[in-house]
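First the structure, in the form of structure tokens, and then the observations on it.
The values are calculated or read from the model by the stated rules, or taken from the named source; none is laboratory data. Please read these numbers as outputs of a predicted model, since none were measured by experiment. Here Cβ is always computed from backbone atoms with ideal geometry, including for glycine, and neighbour counts include all displayed protein chains. Side chains are part of the model used for accessible areas, which takes the heavy atoms of the whole protein and leaves out ligands, DNA and RNA. Shrake-Rupley method; radii C 1.70, N 1.55, O 1.52, S 1.80 Å.
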Amino acid sequence: MSGAARDLTGELLARLRAERPRVHCITNAAAVAYTANVLLAAGCIPSMTVNPPEVPGFIHGASALLVNLGTLDPLRAEAIDVAIRIARTDGKPWALDPVFVERSPTRLGLARDLARRHPAVIRANRAELAALSGSDGGDAAARLLARESGAVVVRTGEVDFATDGTREVEVAGGHPLMALVTASGCAATALMAGFLAVETDRFLAAAACLAFVKAAAERAGATARGPGSFVPAYLDALYALDPQDFGDRIASP
Ligand SMILES: Nc1ncnc2c1ncn2[C@@H]1O[C@H](COP(=O)(O)OP(=O)(O)OP(=O)(O)O)[C@@H](O)[C@H]1O
Ligand SMILES: Cc1ncsc1CCO
Ligand SMILES: [Mg+2]
């Protein structure tokens, strides 16, 4: 399993770099520039417009969509609604990042509505997954949410977990400095949307993205002296990593 998954990670990364999918990101104010830089370093093209009248045009030409609730405001809420409608009409995959749903009942209600609008992937940390699923955010909750929503559910942390309700993987490695750089998770969800654009099996796309991010973070962490020097090292690693650098980090739980 792990060998095949590693080969697939390399293959999907090669596809990403060859096809350069454009990921349209409706994301939070803290994440915009970092997310765009992560996408570019990995081989994708970012676009970040949130002005609702312009969103349909941007989605029509894009390959995938990211919806991130981190700094929700009326403009972004409208942009999200329009963007999902167009993405679904166009048959493009979209990824949901339900940032801080545990901190706002309004946001939690919106995230639950969005989860019913067929996201390809929902990527959350444990607290967000717990709130969204009304549980402890454990593996069983992720599995149930995946079955209910039809999305691949990904929980990130020291060890990442992904499930489509039937298949599941754990991805270890990376570096703790990831948690000290704001928008690490936000940018990873955007990158996952890029992988969804080049692989129709959403579970394999998500697993490959997780392995790629962990491998790049591990390489960056080897030279970083703290969060500040971690960021450029991480961008360089996303840019430079080759398939043989992934290691056997994807495992069955
Ligand atoms: N202790 C850790 N060790 C290794 N990797 C980690 C650790 N904590 C988080 N990560 C990695 O950091 C990335 C972001 O995961 P995290 O769960 O922190 O997201 P998040 O809370 O949504 O972040 P943000 O909202 O700031 O974007 C993932 O790729 C995850 O694998
Ligand atoms: C710090 C912060 N506040 C709202 S979104 C965000 C980025 C991490 O999700
Ligand atoms: Mg987050």
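Overview of results
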read-out: Candidates PHE195, PHE230, PHE203, ranked by Gaussian network fluctuation over the chain, Cα under 10 Å, top entry; value: PHE230
read-out: Apportionment of accessible area to carbon and sulfur, the chain, percent (1.4 Å); value: 55
read-out: Computed [θ] at 222 nm, deg cm²/dmol, the chain (DSSP H ≥ 4; -39,500 (n - 2.57); rounded to nearest 500); value: -17000 deg cm²/dmol
read-out: The chain: DSSP helices with Cα axial extent of at least 30 Å and average Kyte-Doolittle hydropathy no lower than 1.0; value: none
read-out: ALA222 versus TYR239: modelled label distance in nm, points set 7 Å from Cα along the beta carbon direction; value: 1.8
read-out: Net charge of neighbours whose Cβ lies under 15 Å from the Cβ of ILE45, counting Lys and Arg as +1 and Asp and Glu as -1; value: +4
read-out: Rg and Dmax of segment 110-253, Cα atoms only, in Å; value: 14.8, 43
read-out: Mean projection area, nm², convex hull over Cα of segment 72-155; value: 4.9
read-out: Cα-projected label distance for HIS118 with ARG167, points at 7 Å along beta-carbon direction, nm; value: 2.0
read-out: Solvent exposure of the chain as accessible area per residue, Å², 1.4 Å probe; value: 40
read-out: Rg and Dmax of segment 2-242, Cα atoms only, in Å; value: 16.2, 46
read-out: DSSP bridge pairs, segment 2-242: antiparallel proportion in percent, nearest 5; value: 30
read-out: Projected label distance in nm at SER135 and GLU19, using a 7 Å step from Cα toward the beta-carbon; value: 3.1
read-out: Förster radius 30 Å - calculated FRET efficiency between GLU78 and SER104 (Cβ-Cβ, nearest 0.05); value: 0.95
